[in-house]
Structures are given as structure tokens and as C-alpha cells.
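J.: Structure in C-alpha cells, see below.
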Amino acid sequence: MSDTLIDLIRHGEPVGGRQFRGDSVDDPLSAAGWAQLRAALGEACPWDQVISSPMARCRPFAMEVAARHGLPLAIEPALREIGMGDWERRTPADLAAHDPAAFAALYRDPAAHRPPGGEPLAAFTTRVATAYDRQAALYPGRHLLIVCHSGVMRAVVGYLLGAADARWYRLRIDYAGLVRVRHGRFGAAIECVNAPTLPG
């Protein structure tokens, strides 16, 4: 059987700029965000299937790609972003200024120090890994495009590497950054992380 190839792309910049957006803040893409995504993928169409988070910063672009290239689209609710609790819609600068101890604690140990009401990293990893495995199993030997979130992409990479939650959380994924995973005879191989354009 052919390898299964999975490209994951983070949404572009949403309306409102940089702030903590989890699963309860659903801003749409800004004009810059649309441009970032279109530039990252270009005119190529190597995929057989498009899969998307249901959130407004992901789904409309996934719909555009699917419609432009005549591809099927599936929405996967479990690929929504991690819940950030009381920190939803607050900016990093605001939190660093008004609650510097909690802000620093999150980055020192993001598994032990979640925002108040935030989703535990272990639960998030389980949710994302289960959804990722389910989608990969549905399309063996195919090439998939998954439009999702930085947290989701970091969790996928961490899950495939067997990394502790507090470790993978530190990965950087920029707006419209790409991850490619190849599932072959000997398991999953991560071919790129945070690539600015579609790998050749």
C-alpha cells in the first residue's frame, strides 16, 4: 500500500490580531490571514481529501480549497483549538502586565499551570490524537490536507514523537505554518514542522 501523507496547516491571522483564542473565541480570518494561507499553499493541489476544524478561522478556507479543486471536505469537531478558559480573548501583553506570575508559570510548565477553566493538556492530547488517528485510518494511502490550529498541530507532533505534553507545547507554529507527516511501512515520519510553504 502507498504511504499516507498528511499536511496540516495552521489558520492565518484572525480579525483582532494576537490574543489567546481557544475553543470559545471564534473570530474569522482577517484579509491578511486569507493572504497568508493562499500564499502558503499556492496553486498546487496534491491532496485527495480536505479536513477542517469547525472554527471560523479554519473552515471557510478549507471550503475554498475544496471548492476550487473539486475535493471532498470533512469537518472534524475534535480538531478545534484547546480551551483557554478565563484567558480567552486576553492578549499576552495584558496577561504579562497584570498577572505576570501566572503568565510565566504557563510557559515554564504548561501541563501543570493551565489558565483558570482551561482544558487540561492531557485531555487535549487525547482528543486530538484520537481524531488524528481516526482520520488517518479513514484514508489509507491518500494525501490529506488538515486545516486546524497551532495547538492541534503541536499536539499531533508531540503525540507522534511520544513527547511529554509540557515539551510539545513549546513548539512554534506560525500563522499558515505547515507540518507534513508521512505514514509508511515503519510508522509515522515527520518531514517538516512550521514550513512557510508547501513542501515539494
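J.: Enumerate by residue number the GluC sites (Glu not before Pro) in the stretch 21-103 meeting two conditions: DSSP loop (anything except H, G, I, E, B), and at most 12 other Cβ atoms within 10 Å of the site's Cβ.
T.: Hits after loop and neighbour filter: GLU43.
J.: Another one. Which FRET efficiency, nearest 0.05, do HIS98 and SER24 yield, Cβ-Cβ r, R0 22 Å?
T.: For HIS98 and SER24, the calculated efficiency is 0.60.
J.: So for the pair ARG68, CYS45, with labels modelled 7 Å out along Cα→Cβ, what separation do we get in nm?
T.: So the two model labels end up 1.0 nm from each other.
J.: Then there is this: Kindly provide the trypsin sites (Lys or Arg not before Pro) of the stretch 9-50 that DSSP labels as loop, not H, G, I, E or B, and whose Cβ sees at most 15 other Cβ atoms within 10 Å.
T.: Counting only loop positions with at most 15 other Cβ atoms within 10 Å, the trypsin sites (Lys or Arg not before Pro) in the stretch 9-50 are ARG18.
J.: Accessible area per residue, 1.4 Å probe, Å², for the chain: what's the number?
T.: Computed with neighbouring chains in place, this is 45 Å² per residue.
J.: Helix-only estimate, please: 222 nm mean residue ellipticity of the chain, summing -39500 (n - 2.57) across DSSP H runs of length 4 or more and dividing by its residues, to the nearest 500.
T.: Value at 222 nm, helices only: -10500 deg cm²/dmol.
J.: In the stretch 58-113, which trypsin sites (Lys or Arg not before Pro) are in a loop and have at most 14 other Cβ atoms within 10 Å, using DSSP for the loop call?
T.: Within the stretch 58-113, no trypsin sites (Lys or Arg not before Pro) qualify (loop, at most 14 other Cβ atoms within 10 Å).
J.: Students sometimes get this wrong: rank SER24, SER52 by accessible area, probe 1.4 Å, all chains present, largest first.
T.: Numbers: SER24 85, SER52 0 Å².
Ranking SER24, SER52 by accessible area, largest first, yields SER24, SER52.
J.: Given the chain, report the % of alpha carbon pairs whose separation exceeds 29 Å.
T.: Everything past 29 Å amounts to 20 percent.
J.: With θ set to phi - 60° and the Karplus curve 6.51 cos²θ - 1.76 cosθ + 1.60, what are the ³J(HN,Hα) couplings of the stretch 167-172 in order, to the nearest whole Hz, using x for Gly and Pro?
T.: 7, 5, 4, 7, 4, 9
J.: Ok, one more. Quantify, in whole percent, the carbon and sulfur part of the accessible surface of the stretch 73-180 (1.4 Å probe; protein heavy atoms only).
T.: 57
J.: Please report the accessible area of HIS11 (heavy atoms, 1.4 Å probe, ligands and nucleic acids excluded) in Å², nearest 10.
T.: The value for HIS11 is about 10 Å².
The values are calculated or read from the model by the stated rules, or taken from the named source; none is laboratory data. Not measured: the values here are computed from a predicted model. All Cβ positions, even for glycine, are placed from backbone atoms using ideal geometry, and neighbour counts span all protein chains on display. The protein model used for the area step is the full one, side chains on, heavy atoms only, and it has no ligands, DNA or RNA in it. Shrake-Rupley method; radii C 1.70, N 1.55, O 1.52, S 1.80 Å.
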